[in-house]
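Here's the structure, in structure tokens; my notes come after.
The values are calculated or read from the model by the stated rules, or taken from the named source; none is laboratory data. Because the structure is predicted, anything quoted here is derived from the model rather than measured. Ideal geometry is used to build each Cβ from the backbone, glycine not excepted, and the neighbour counts take in all protein chains shown.
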Ligand SMILES: [Zn+2]
């Protein structure tokens, strides 16, 4: 995987993956078994590129009865409609790590738009509007603590859920100092951070919220000695996911505008070898301004290349 370096959030470490996050005034910043693919999540499932259209589809009676008041499909990180295009995190992890050598590597092209470091009060709603216009779903890797979920009206994550996106866990604190002191993964701090984040997501969405998708702040690629934490997260049913393409909005020297970010993405796609499975890294933190300008071009490019869009469960 390609590795780039840029200024991360807390601590000012040069790491990959996460945009600078400006702490907000109220910030307290420093502070199962493997999922089996659902029948509808098989790679042969017809693509659903329209969130709106999919959301209008009639769910099965059994699925409907298991949906909670928030619209969450019990035992998942998404709603009933998104079941049609949700893929198990464990599979996506193996597709990313092993590529075409993975035993169940898709023969179809599937793109996963992943959005880190939100939700944010001023940006997420605009991004949701845009995703709706484009008719594509995304997977959100939330900061669940004061820099993210605790900072915004709960209507924002509930809207994302209702509109067919998946809500996965990035972190509670997003603190590199706490999670990776000396750039080395700290098992106790990482598990405490994820447990706190997971519980808070269940407080928000109900006890039936289950996600198998997680993403280390800064990306797994940036830190040393994460194997113990990887194992501990797997015991919780969580599989870490990096990415193989990006729009560059986490770069120390980010593209200057949306058009340049689309070009940045095109270059990463080419460098990745135009794989059948594309995981795009983007951010919608308060200060992440490139995503709005880049999304239409990125989606257009992926659609033209024959990709359908999925979310990671
Ligand atoms: Zn991040």
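Here is a yes/no grid of residues against (1) within 16 Å of the ligand (Cβ to nearest atom); (2) surrounded by fewer than 23 Cβ atoms within 10 Å (Cβ to Cβ); (3) within 21 Å of residue 114 (Cα to Cα); (4) modelled with pLDDT of 95 or more:
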| site | (1), (2), (3), (4) |
| --- | --- |
| 159 | no, yes, yes, yes |
| 163 | no, yes, yes, yes |
| 178 | yes, yes, no, yes |
| 182 | no, yes, no, yes |
| 185 | yes, yes, no, yes |
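Look at (1) within 16 Å of the ligand (Cβ to nearest atom); (2) out of contact with any helix residue (DSSP H, G or I) (no Cβ under 8 Å at 6 or more places or on another chain); (3) more than 22 Å from residue 90 (Cβ to Cβ) and you find that residue 219 fails only one, number (3).
Among the residues of region 249-296, the ones that are within 16 Å of the ligand (Cβ to nearest atom) and either in a strand (DSSP E or B) or buried (at least 24 other Cβ atoms within 10 Å of the Cβ) (or both) come to 12 in all.
Each residue in region 98-126 was checked for being within 14 Å of the ligand (Cβ to nearest atom) and in a helix (DSSP H, G or I), and 0 pass.
Residues in region 139-154 that are closer than 16 Å to residue 128 by Cβ and within 14 Å of the ligand (Cβ to nearest atom) were compared, and the one that is surrounded by the fewest Cβ atoms within 10 Å (Cβ to Cβ) is 149.
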